[in-house]
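Asker: I have a structure here, written as structure tokens, and I will follow up with some questions on it.
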Amino acid sequence: MIRSMTGFASASGALEGWSWSWELRGVNGKGLDLRLRVPDWVEGLEVALRKQVTAEVARGNITCNLRIASAENDGTLQVNTAQVDTLLAALQEIETRAMDAGVSLAPSRASDILTMRGALEQSDQAQDIDALREVLLAEFPAVLEDFNAMRRQEGAALADVMQDQLNEVETLAAKAAALADARKEDAAANLRRNLARVMDNSEGADADRVAQELALIAVKADVTEEIDRLAAHIAAARALIGQGGPVGRKLDFLMQEFNREANTLCAKAQSTELTTVGLALKAVIDQMREQVQNVE
């Protein structure tokens, strides 16, 4: 089954004073662009989540947001003694180097140190982060499955639309083939008349050479190859849709081939009816290509 690149899933949970919410969304993209917005103080979480997503998603712009809060947070701050010791040692080294260089520095104040990153921390951070990480990692596969379920559902709808469009292309190609067959006798008669007219007004002209040129014109007006290739492209597209998986790139390339055949058919048409069919083909192919842009 093919999947759409568009999807969304959300979830929430809680554990021993922690509460959190997940949001996973995807939109169209040429490749896989994964953006994780998760708290960096839960060590190893981002790497593990990235591994899970890349194992399940092949293409699209994917954004994963995780917001964590303390359900019992009273706003109490406490000094991170280890970080403060590190900061004091750094300040002492800086002041020593400044004195050696003859540079005068203003005295450091406690309030300056407290504003430095990591000097103060919420008291609730003392809770067990390892247990929180394990619960989050155990919960995420369900979020990812909901996300993929929506993408599969949209993919099934895309497949139905594209199958209808392929049926329409097949019908138009058959109509073009019938029109091309119907005009063969008229085209041959026209060529014979043109040859006679040229020979009557071109004394000394090489009859074989003129015949070759007219034959070349006839070949250039023949749309049999374009119709045959359209049939092959239809079969290939149906096979890819039936195969499923990340086939969006292959389908996109195939749409270019469809469009090329329709353009050539229009260029060779030489009749209003066949040109009309060619333009209808181009319109359906363009609509189908828009759908393919959503396929993973």
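The values are calculated or read from the model by the stated rules, or taken from the named source; none is laboratory data. Since this is a predicted model, take the numbers as computed values, not measurements. So basically every Cβ, Gly included, is an ideal-geometry build from the backbone, and we count neighbours across all protein chains shown.
Asker: Have a look at Val84, Val135 and point out the one that is assigned to a helix (DSSP H, G or I), at pLDDT 85 or above, over 30 Å from Val295 (Cβ atoms) and among the hydrophobic types (A, V, I, L, M, F, W, C).
Answerer: On inspection, the qualifying residue turns out to be Val135.
Asker: Does Leu34 satisfy being farther than 23 Å from Leu136 by Cβ and either without any contact (Cβ under 8 Å) to a residue 60 or more places away in the chain or in a strand (DSSP E or B) (or both)?
Answerer: No.
Asker: Suppose we keep only residues that are of a type in the set (Gly, Ala, Ser) and outside any helix (DSSP H, G or I) within segment 252-296. Which one would you say is farthest from Ala231 (Cα to Cα)?
Answerer: Of everything passing the filter in segment 252-296, Ser271 is farthest from Ala231 (Cα to Cα).
Asker: Can you tell me which residue within segment 90-119, out of those that are more than 21 Å from Val79 (Cβ to Cβ) and hydroxyl-bearing (Ser, Thr, Tyr), is modelled with the highest pLDDT?
Answerer: Only one residue fits best here, namely Thr96.
Asker: Can you confirm whether Leu191 is within 39 Å of the chain's Cα centre (by Cα), part of a helix (DSSP H, G or I) and either at pLDDT 95 or above or outside the structural domain of Ile62 (by TED's automatic domain parsing) (or both)?
Answerer: No: the conditions fail for Leu191.
Asker: For Gly245, all conditions in the list (1) at pLDDT 85 or above; (2) in a helix (DSSP H, G or I); (3) not aromatic (Phe, Trp, Tyr) hold save one; what is the number of the exception?
Answerer: Among (1) at pLDDT 85 or above; (2) in a helix (DSSP H, G or I); (3) not aromatic (Phe, Trp, Tyr), Gly245 violates only (2).
Asker: Now a separate question. Taking Phe258, is it aromatic (Phe, Trp, Tyr), farther than 18 Å from Met1 by Cβ, surrounded by fewer than 18 Cβ atoms within 10 Å (Cβ to Cβ) and out of contact with any Lys or Arg (no Cβ under 7 Å at 6 or more places or on another chain)?
Answerer: no
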